[in-house]
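Trainee: Have a look at this one.
The values are calculated or read from the model by the stated rules, or taken from the named source; none is laboratory data. Small disclaimer: the values here were computed from a predicted structure and weren't measured. Positions of Cβ are backbone-derived with ideal geometry, glycine not excepted, and every protein chain shown enters the neighbour counts.
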Amino acid sequence: MAFAVGEFLGHNSGFAFNPMSSFGVVVLMTGWSADAEQVITNAFNHFQPAFDSLHEKGTKKLYAGTWKAVGSNSTAVISVTDGSLWMNRFTLQGSDILAVLRDDRPEKIALTSTGREGEFR
């Protein structure tokens, strides 16, 4: 979370954003309370879990599951764990590619975005 707060003649303001979740909070206050940072922190503590849950559900709906290539012996098994995208199994024409990449230990690997919509490495 990145944030900034300020005060001017009894007016307090602050803004913060979470670049990973693409949302932000703006606080404008007057009066005796000068703790805009605490208000922002409380807002993030309430909203972040809900946004994380929505993001994980959407990611699961779009990408999780078993993907099979038509007419070949190739499959990929994708899962979502704690909001992260993982490849649990990848078979290309019958060969276990994850075992090859991991020295015969077919452990799951994390997938990251290439920057193109729907494309991961």
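Trainee: Restricting to the stretch 1-21, and then to whatever is touching a strand residue (DSSP E or B) at 6+ places or on another chain (Cβ under 8 Å) and of a type in the set (S, T, N, Q), can you tell me which residue is nearest to Thr41 (Cα to Cα)?
Mentor: The qualifying residue nearest to Thr41 (Cα to Cα) is Asn18.
Trainee: Is there any pair with a first residue in the stretch 67-83 that is closer than 15 Å to Gln93 by Cα and in the same structural domain as Asp96 (by TED's automatic domain parsing) and a second that is aliphatic (A, V, I, L, M) and assigned to a loop (DSSP other than H, G, I, E, B) whose Cβ atoms are under 8 Å apart and which are 6 or more apart or on different chains, and what are they?
Mentor: Going by the 8 Å Cβ cut-off, the qualifying pairs are Thr75/Ala69.
Trainee: Here is a check on your reading of the model: is Leu62 surrounded by 12 or more Cβ atoms within 10 Å (Cβ to Cβ) and either under 13 Å from the mean Cα position of the chain (by Cα) or in a loop (DSSP other than H, G, I, E, B) (or both)?
Mentor: Judged against the criteria, Leu62 is not a match.
Trainee: Let me ask another. Against the definition (of a type in the set (A, V, I, L, M, F, W, C) and under 18 Å from the mean Cα position of the chain (by Cα)), how does Phe17 come out, yes or no?
Mentor: Considered against the rule, which asks whether it is of a type in the set (A, V, I, L, M, F, W, C) and under 18 Å from the mean Cα position of the chain (by Cα), Phe17 comes out as yes.
Trainee: A further question on this structure: Could you check, for the stretch 41-59, whether at least one of its residues is aliphatic (A, V, I, L, M) and either touching a Cys at 6+ places or on another chain (Cβ under 9 Å) or exposed (fewer than 11 other Cβ atoms within 10 Å of the Cβ) (or both)?
Mentor: yes
Trainee: Condition first: of a type in the set (D, E, K, R) and loosely packed, with under 13 Cβ neighbours inside 10 Å. Now tell me which residues in the stretch 82-115 satisfy that.
Mentor: Answer for the stretch 82-115, where residues must be of a type in the set (D, E, K, R) and loosely packed, with under 13 Cβ neighbours inside 10 Å: Asp82, Asp103, Asp104, Arg105, Glu107.
Trainee: Which residues, taken from the stretch 67-90, are within 16 Å of Gly118 (Cα to Cα) and either modelled with pLDDT of 90 or more or assigned to a loop (DSSP other than H, G, I, E, B) (or both)?
Mentor: Listed by number, the residues that qualify are Trp67, Ala76, Val77, Ile78, Ser79, Val80, Gly83, Leu85, Trp86, Met87.
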